[in-house]
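Scroll down for the structure; my scribbles are underneath it.
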Amino acid sequence: MGEVLATSVLESPIGRLRVAVTPGGVVRIALPRSGGAGFSGWLRGALPNAERVDWLPALDVVQRELQEYFAGQRREFTVPLDLRGTPFQLSVWRALAEIPFGETRTYAEIARRVKHPKAFRAVGAANGANPVPILVPCHRVTESGGKLGGYSGGLETKQRLLAFEKTASARGALL
């Protein structure tokens, strides 16, 4: 038997999120207005022979945790992730996952963290290829000097997420 995949749509304050999970965890989250091959195109490329099923347990977990995040009740995610990328991308995504809620890091800081201090452009490319935004908080990465840089859901979405986290942290609204 090949891979199994379930998908769902979650309405959020930033728009409709499309989520895909495997038995291993969340494999993809597509933000509103994200470009590229789109959600279906990404799934066809990453999981070309996956059998579609209506439900897998990780769907319930990711939906609950994202709802809690947007309600200001969650800072960290516990849902398992099924990340697919190169060893370098995976190292960058692990470093992104360590950025605390409400804080930012620069591409150069992430490059130093993954022990490739001159690879800040490659870090930017890995950041842009992150298949599970929000769960792996690529929105928390900025250019040196504080400029936002790109974001798969658009700069307005990145600004909204950063402002939401800054406000929630300042209020102490989260558990």
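The values are calculated or read from the model by the stated rules, or taken from the named source; none is laboratory data. Note that this is a predicted model, so its numbers are computed, not measured. Positions of Cβ are generated from backbone atoms using ideal geometry, with glycine treated the same way; all protein chains shown enter the neighbour counts. Note: areas computed on protein heavy atoms with side chains; ligands, DNA, RNA excluded. Shrake-Rupley method; radii C 1.70, N 1.55, O 1.52, S 1.80 Å.
Secondary-structure-derived ellipticity at 222 nm for the chain, considering helices only, amounts to -11500 deg cm²/dmol, per-run term -39500 (n - 2.57) for DSSP H runs with n ≥ 4. Projecting the Cα atoms of Leu155, Ala46, Ala58 onto the charge dipole of the chain, computed from C-beta unit charges around the Cα centre, puts Leu155 farthest toward the positive end. Roughly how big is segment 33-164's charge dipole about its Cα centre, with Cβ charges of +1 (Lys, Arg) and -1 (Asp, Glu), in debye to the nearest 20? So the magnitude is around 560 debye.
Between Arg44 and Ala163, 0.36 nm times their residue separation minus their Cα-Cα distance comes to what?
On the way: separation 119, 0.36 × 119 = 42.84 nm, distance 3.39 nm.
Contour length minus the Cα-Cα distance gives 39.5 nm.
Extending 7 Å from Cα along the Cβ direction at Ala122 and again at Glu103 yields two label points whose distance is 2.5 nm. Test of understanding: given the chain, find the longest segment containing no trypsin sites (Lys or Arg not before Pro) that are in a DSSP loop and have at most 15 other Cβ atoms within 10 Å. Longest stretch, sites excluded: 34-74.
With a Förster radius of 30 Å applied to the beta-carbon distance between Thr86 and Asp60, the computed FRET efficiency rounds to 0.50.
Which net charge results for the neighbourhood of Ala163, defined as the other residues with beta-carbon distances under 14 angstrom from its beta-carbon, given Lys and Arg at +1 and Asp and Glu at -1?
Numbers: positive: Arg140, Lys158, Arg160, Lys166, Arg171; negative: Glu103, Glu156, Glu165.
Surrounding charge for Ala163 is +2.
Converting phi to 3J(HN,Hα) with the Karplus coefficients 6.51, -1.76 and 1.60 and the offset θ = phi - 60°, segment 38-50 yields x, 4, 5, x, 4, 4, 4, x, 7, 9, x, 10, 5 Hz in sequence order, with x at every glycine or proline.
FRET efficiency for the pair Ala170 and Lys115, taken as 1/(1 + (r/R0)^6) with r the Cβ-Cβ distance and R0 = 35 Å, rounds to 0.55. Summarising the overall dimensions of the chain from its C-alpha atoms, the Rg and Dmax are 15.7, 50 angstrom.
If you count only protein heavy atoms with a 1.4 Å probe, what accessible area per residue comes out for the chain, rounded to a whole Å²?
Value for the chain: 51 Å² per residue.
Determine the order of Leu56, Leu83, Leu31 by accessible area, beginning with the largest, at a probe radius of 1.4 Å. Don't skip to the end; give the middle numbers.
On the way: Leu56 20, Leu83 50, Leu31 0 Å².
Descending accessible area places them as Leu83, Leu56, Leu31.
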